[in-house]
Amino acid sequence: MGPLAPHEKIFVDSDIVEDENHGEIACHECHGGNPDDPNWKTAHKGVVKDPTYPDATRACGDCHDEINENYQKSLHVSLRPYKLVTDTRASSNAVIRNELGCAMNNHCYQCHSSCGQCHISRPTSVEGGFLDGHLFQRKPPMQEVCTACHGARIEKEYFGENKGVSPDVHREKYMKCDKCHTGDEMHGNGKEYENRYEVENGSKCTDCHKEIYDRESKNVIAHRIHKDKASCQVCHAQPYKNCSACHVGKDKNGLAFYKTKASWLDFKIGINPLKSEKRPEKFVTLRHIPVDRGTFGFYVKDALSNFDTLPTWKLATPHNIRRKTPQNSSCNACHGNESLFLLEKDVENNEKGANKNVIVPSNLIPRKQKWQPK
Amino acid sequence: MNYVRMCGLAITFCLVFVPCSPLISQAYEDTQCFKCHTSAKQLIEITREIAKTRPAVKSAETEGEG
């Protein structure tokens, strides 16, 4: 995604008047300001840059009423999982929680989306700018919108930008994000989910790969044996990006910044921390997330005093799927191969408590197989 | 019969010769917002003017992958 010059970000394509759905809505009806004032400085008084955030009712609700009804509960807008995991790790002290809330507002909660920041402009968290001269995009473009935010992990995995790692096989079939992640999933269905893996209409591999458990299907034995035991990614993902120790703060000019200590490529199978009816697998791929005991230390000490309540190795669905991977090349490429599993020795000493439920005890590592299916 | 035919002709005439959207878009195109935001030249001048006075909005201290 190339950067936009400042004027390109706000250039409106005059073809917008031809848009049969939106072309008759005057600029000021959504954005405010004074449309008759020739002085741009005074004309912009009261202008709202994104009239769809935090409430899209006025700008979009009249026509897109159903989507708007669920909008506030869409995870891209509510960021509820962020809030829940931070609250869980946070100190119960009210003063500390208040400081933590300020820190979250300055940093974490800036990474949200909105109707406008998917269908009209690039998200504000990546410096915004109209996607195509303010023409409304029914399907948000993948690289200007989706991977503009989901960049360090998803984009690099999907496009094969991590050194030595192939692109996702679905990318090679020219599939874009919306092929799996539909508008309905993105817009939400009005339910408040705790995490994205709970979303009822979220994508599942078996939505397309329905036949993998059929008797006639290729590799049916391997698929049936591992059903509910290992997630699809355990066999089909490649090494993916892990991060650690994100610290947030403000510089001498009062501008918010973050620093992450390290990022590395790794592949670790662990115990599923979010086992559910929808995700019954015992083994899943885990990704180290950048949270740290001192993430919010700039604002307040011991903000995350309940750090050990949640793992720092989190359930992950890497987007670099291949049909054939080193670990699925034979049974014993995985069975008995300790290096693939998250063991106690792989976890930092000060994170062992947090990860005790996802670390694989050596007696749970599947044993080497004598028999191999053909 | 003649009445029906006359109505049909009147409706057809309206549909073909009196399109309403150009009237609406004409009003819309006359606004200062539209005139300025569809002129690359004006936007370049204004954004340059803004850049001279507006302080940086992004910290240079950000490091690592987000």
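Per-residue ellipticity at 222 nm from helix content only, as computed over chain A with -39500 (n - 2.57) for each DSSP H run of at least four residues, stands at -5000 deg cm²/dmol.
For A:E338, the accessible area of its heavy atoms, probed at 1.4 Å with every protein chain present, is near 90 square angstrom. Reported to the nearest whole Å, the Cα centre-to-centre distance from region A:239-280 to region A:1-46 is 38. Computed across region A:128-199, the Kirkwood radius stands at 14.0 Å (inverse of mean 1/r, all Cα pairs). Couplings 3J(HN,Hα) of region A:268-274, computed from phi: 9, 9, x, 7, 4, x, 10 Hz, in residue order, whole Hz [Karplus 6.51 cos²θ - 1.76 cosθ + 1.60, θ = phi - 60°; x for Gly and Pro]. Within the accessible surface of the protein assembly as shown, defined with a 1.4 Å probe on protein heavy atoms only, the carbon and sulfur portion equals 54 percent. Average 1/r across all pairs of distinct alpha carbons in the protein assembly as shown, invert it, and you get the Kirkwood radius: 25.2 Å. From the alpha carbon centroid of region A:195-210 to that of region A:313-374 is 23 Å. Amide hydrogen proximity for A:S113: with H placed 1.01 Å from N in the peptide plane, the residues at 5 or more positions away or on another chain lying under 5 Å are A:V77. Angle check, please: helix A:80-89 long axis (alpha carbons) against the longest principal axis of chain A (alpha carbons), in degrees 0 to 90, nearest 10. It works out to around 60 degrees.
For region A:219-227, backbone phi angles converted through the Karplus equation (6.51, -1.76, 1.60; θ = phi - 60°) give residue-by-residue couplings of 6, 4, 5, 4, 5, 5, 4, 8, 4 Hz, Gly and Pro being listed as x. Extension gain, A:K73-A:Y213: 0.36 nm per intervening residue step, less the Cα-Cα distance, totals 46.9 nm. In this structure chain A gives 57 Å² per residue of accessible area when probed at 1.4 Å with all protein chains present.
If the elastic network links every pair of Cα atoms under 10 Å, which of A:C232, A:C331, A:C208 fluctuates the most in the Gaussian network model of chain A? Evaluated over chain A, the most mobile residue of the options is A:C208. Full extension of the chain segment joining A:S125 with A:E66 gains 18.6 nm, where the gain is 0.36 nm per residue of separation less the Cα-Cα distance. If you take the Cα centroid of region A:156-193 and the Cα centroid of region A:76-136, the two points sit 21 Å apart.
Relative contact order for chain A using alpha-carbon pairs under 8 Å, separation at least 6, rounded to a whole percent? This gives 16 percent for chain A.
The mean count of C-beta atoms from other chains within 10 Å of the C-beta of residues in A:10-19, rounded to a whole number, is 5. Placing R0 at 35 angstrom, the Cβ-Cβ distance between A:I221 and A:K191 gives a FRET efficiency of 0.40 after rounding to 0.05.
In region B:32-46, burial by the other protein chains removes 20 Å² or more of 1.4 Å probe accessible surface, compared with the chain on its own, from B:Q32, B:C33, B:F34, B:H37, B:T38, B:A40, B:L43, B:I44, B:I46.
Legend: distances between Cα atoms for A:K156/A:K176; A:K227/A:K278; A:K173/A:K229; pairs beyond 18 Å are A:K173/A:K229.
Just want to confirm a number: the relative contact order over region A:128-246, from Cα pairs under 8 angstrom separated by 6+ residues, in percent. So the answer I get is 20 percent.
Each residue, B:A10 and A:N105, gets one label point 7 Å from its Cα in the Cβ direction; the gap between the two is 6.1 nm.
The relative contact order of region A:265-322 comes to 34 percent, based on Cα pairs under 8 Å that sit 6 or more residues apart.
Angle check, please: helix A:94-106 long axis (alpha carbons) against the longest principal axis of chain A (alpha carbons), in degrees 0 to 90, nearest 10. Approximately 70 degrees, to the nearest 10. For A:V48 and A:I25 in the same chain, what is the full-extension length gain: residue separation times 0.36 nm, less their Cα-Cα distance, in nm? Going from the current span to full extension adds 6.7 nm. Rounded, prolate or oblate, given the Cα gyration tensor of region A:32-123, with a/c below 1.5 counting as rounded? It is oblate, given that a/c is not under 1.5 and a/b is not larger than b/c. With the whole protein complex present, A:I365 retains an accessible surface near 20 Å², based on a 1.4 Å probe. Applying a threshold of 31 Å to the alpha-carbon distances of A:K241/B:K58; A:K191/A:K352; A:K250/B:K35; A:K41/B:K58; A:K179/A:K218 flags A:K191/A:K352; A:K250/B:K35 as lying beyond it.
Annotation for the A:B interface, with buried accessible surface near 2900 Å², both sides summed [1.4 Å probe; non-protein components not counted]. Of the beta bridges in the protein assembly as shown, as assigned by DSSP with both residues counted there, near 85 percent are antiparallel. Hey, can you list the residues from region A:235-264 whose accessible area shrinks by 30 Å² or more with all protein chains present, relative to the chain by itself (probe 1.4 Å, no ligands or nucleic acids)? Listed by number, the residues meeting the 30 Å² cut-off are A:D251, A:L255, A:F257, A:Y258, A:K259, A:T260.
The values are calculated or read from the model by the stated rules, or taken from the named source; none is laboratory data. Please read these numbers as outputs of a predicted model, since none were measured by experiment. Glycine also receives a Cβ, built like all others from the backbone with ideal geometry; neighbour counts cover every protein chain displayed. Side chains are part of the model used for accessible areas, which takes the heavy atoms of the whole protein and leaves out ligands, DNA and RNA. Shrake-Rupley method; radii C 1.70, N 1.55, O 1.52, S 1.80 Å.
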